[in-house]
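Worksheet: the structure to be examined is printed underneath.
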Amino acid sequence: MAFPLSILMVFGLKFATLAHMRNQLNFSLGADKKVLVLGNSHGRDAICDSLLPGWANRCADGEVYFGVYQLAKRMLEQNKIDTLVIHMVDFESYPDENINTNFMLYESSRMALADEELLSRLWQMNWGDLLSFYCINDVQAMLKPVEVGGYEHWDHHNLSLELKNLEYRLANKGKTSTPKNSIAHYTLQTHYLNRIIQLCKQEGVQLVMVNYPKYKRSKYFDRSKAWDYYTTLEGGLLIADYENFVFPDSTYFANCTHLNYHGAELFTSSLRREGLKLQSPKAWRSTRKD
């Protein structure tokens, strides 16, 4: 009897936490905001929205497409948005079997917005991990402020160790390649990306996928299979590829995949002057050498 009772208590705490988060979330952006930026820490650290009139950055660390969809659905209901900007993924992280090990996803406000379909898919993976996490973290989640996300001013620069490891792997194993069948292991990602595309189409919102600046990514990774996948997507989405955006030197990077605030300010200032450089997926793919 004690075990079923403890399970009920755990789920009671979980649902209370999700309800608390849902009630605390604020989806209003203001009438002047026409471009909404959602996605993971690549966008969080790259788009300094205070420098971009009409833009609102609501990215969050570790965000994946199911979180983007849940948030976008509510943001578009309450705001008159012209353009939704989200991040591109290269299918190197967060396959289905690893989603439930990324505990910050479960702790985030996105889980408070999860629909039944998402919860049923996640809970088929590993009940043990989920239950132990809920027991440890729900009280903390109840006590701390609930945030939708936003730009993070990152005063950090540390490329040396990461580059050393990448150079070692390149010398001993060659480029890290996206396996031919890897996208089949990302059904949560691809399913919710397609739902984002359909949502934007229904709402008359232009969807833009941004490949944010990264430090010499193509030298160490072969993403050709991932890039090929994007050419199969329909629905009017456009791509803005800034992976090889030119900075004066490497000090504008916090690490190989994130900008520090110097990089963010330079990159954002360029967007303000020139706007987003947009291409259709097929036109974009024809310009990529990897």
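The values are calculated or read from the model by the stated rules, or taken from the named source; none is laboratory data. This is a predicted model, so every value here is computed, not measured. Cβ: placed from backbone, ideal geometry, glycine included. Neighbour counts: every protein chain shown. Note: areas computed on protein heavy atoms with side chains; ligands, DNA, RNA excluded. Shrake-Rupley method; radii C 1.70, N 1.55, O 1.52, S 1.80 Å.
Restricting to the stretch 39-56, and then to whatever is aliphatic (A, V, I, L, M) and not in a loop (DSSP other than H, G, I, E, B), can you tell me which residue is most open to solvent (accessible area, probe 1.4 Å)?
Among those residues, the one meeting the criterion is 51.
Give the stretch 205-242 a look and list any residue that's free of Cβ contacts under 8 Å to residues at least 60 places away in the same chain, more than 27 Å from residue 270 (Cα to Cα) and small (Gly, Ala, Ser), or say none.
Answer for the stretch 205-242, where residues must be free of Cβ contacts under 8 Å to residues at least 60 places away in the same chain, more than 27 Å from residue 270 (Cα to Cα) and small (Gly, Ala, Ser): just 235.
If I ask for residues that are modelled with pLDDT under 85 and under 21 Å from residue 199 (Cβ atoms), which ones from the stretch 79-111 would you list?
As a first pass, look at the stretch 79-111 and keep what is modelled with pLDDT under 85: 90-111.
Answer for the stretch 79-111, where residues must be modelled with pLDDT under 85 and under 21 Å from residue 199 (Cβ atoms): 94, 99, 105, 108, 109, 110, 111.
Would you check if residue 164 is on the phi < 0 side of the Ramachandran plot, open to solvent by 50 Å² or more (accessible area, probe 1.4 Å), basic (Lys, Arg) and at pLDDT below 80?
Working: on the phi < 0 side of the Ramachandran plot: yes; open to solvent by 50 Å² or more (accessible area, probe 1.4 Å): yes; basic (Lys, Arg): yes; at pLDDT below 80: no.
No.
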